[in-house]
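Please treat every number below as a calculation from the coordinates, not as lab data. Remember, predicted model here, so these are calculated numbers, not experimental data. Using ideal geometry, Cβ is built from the backbone for each residue, glycine included, and neighbour counts are taken over all protein chains shown.
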Amino acid sequence: MTYPMILSDFVCFDLKGLYCKYGDFYIDPVQPVTTAVISHAHADHAVSGNNTVYATAATLAFMQLRYGKNAFRTSVAVCYNQPVQIRDVKITFIPAGHMLGSAQILMEYNGIKYFYTGDYKLQPDTTCEPIEWVTADVLITESTFANPQIIHPDPVVEIKKLNDIKINILLGAYGLGKSQRLISLINTYAPQKIILVHHKIMPINALYEKQGFAPGCYQVYSRKLMKNRDEFVYIVPPFTFDSYIRATGVKRLFASGWKNLQANEQDTLYISDHADWNDILETVSRTQPKQVWTLHGNGLHLKKHFGDDIFVKLLN
Ligand SMILES: [Zn+2]
Ligand SMILES: [Zn+2]
């Protein structure tokens, strides 16, 4: 009797991204490929021009909104928790809790389970499906914030800071995912605020609503609306936010999980859509892996933390 073995070359990075030769597909490729399995619609994970894309229906819809007819040639809409075969590899999408449609990708081959997290978060978020876990032999985790020093603040405490600001607020945020989460949080925890949304975010909101994840009350920005009163929160994408650098009479805030993105702490709402150190440890304990492979960030802290208990390999 032979026992299945973890294949150390099951997935490897090449110039186009993370490649699985056993299924002949790429995961979140950074350049167009023949077969792409895409975890979620953020631009650093979902590029245009792939031939065939496997993704959730929501991710496909966001890609079509951004890329139009260049989004992909053909697509396979994958439902959560329903296995799909790509060559000899069985893949199953598991909710990642990162944004609407985001998926972790369980890959099973020769009796071994490899579980790619993509971007994920554990914090509650009414604008996406909550994270789920499965047990696996190999956990392939993003390690963006894999540092014991990084513990995300409570997003509710952060959003409630808006209540103390008595002038109009210009709130910079990524249009896809973060903006909708902010709308939902403001509706719940700062309900007296009136949310105005940049016109470029409106079609994204419409897709959220179409898929049953309405973020809450908001209206499209108009200049004269904001002139006379002081309880507006105007949500704008990063590019527009930067162009308002000299705006007077408004409080400028940027919503980000990155401590160092903005020079001034006073100008940041720390709301992250990624796992922090404790979230990664919880994910390891829930998936019970024999090995942890890391990408997107620095896996060295995890390697030190797990020592001889769990083998940790840095993929990049
Ligand atoms: Zn992302
Ligand atoms: Zn990412």
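Values for this structure:
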| item | result |
| --- | --- |
| Packing-based order for 40-46, 176-182, using average beta carbon neighbours within 10 Å, highest first | 176-182, 40-46 |
| Expected 222 nm ellipticity per residue - DSSP helices of 4 or more, -39500 (n - 2.57), all of the chain, to 500 | -6000 deg cm²/dmol |
| Cross-link reach list, lysines versus K16, counting only Cα pairs under 30 Å and skipping chain neighbours closer than eight places | K69, K90, K113, K121, K178, K200, K259, K290, K303, K304, K313 |
| Whole-Å semi-axes of the chain's equivalent ellipsoid (Cα gyration tensor) | 37, 22, 16 |
| Antiparallel bridges, percent of DSSP beta bridges restricted to segment 169-294 (to nearest 5) | 0 percent |
| Shape call, segment 41-176: gyration tensor on alpha carbons, a/c limit 1.5 | oblate |
| Helix axis angle, 57-67 relative to the chain longest principal axis, alpha carbon, degrees | 60 degrees |
| Ordering of 160-169, 121-130 by burial proxy (mean other Cβ atoms within 10 Å per residue, highest first) | 121-130, 160-169 |
| Euclidean distance between Cα centres, segment 201-263 to segment 103-118, Å | 37 Å |
| Counted charge near D28, where neighbours are those whose Cβ lies closer than 14 Å (Asp, Glu -1; Lys, Arg +1) | -3 |
| Cα gyration tensor shape for segment 175-316, rounded if a/c is under 1.5, else prolate or oblate | prolate |
| Distant-in-sequence amide H partners of G297 (H built 1.01 Å from N, under 5 Å) | S143 |
| In degrees, nearest ten, helix 277-287 long axis to first principal axis of the chain (Cα) | 40 degrees |
| DSSP bridge orientation in segment 1-120 - percent antiparallel, rounded to nearest 5 | 65 percent |
| Bridge type composition, the chain - antiparallel percent by DSSP, nearest 5 | 35 percent |
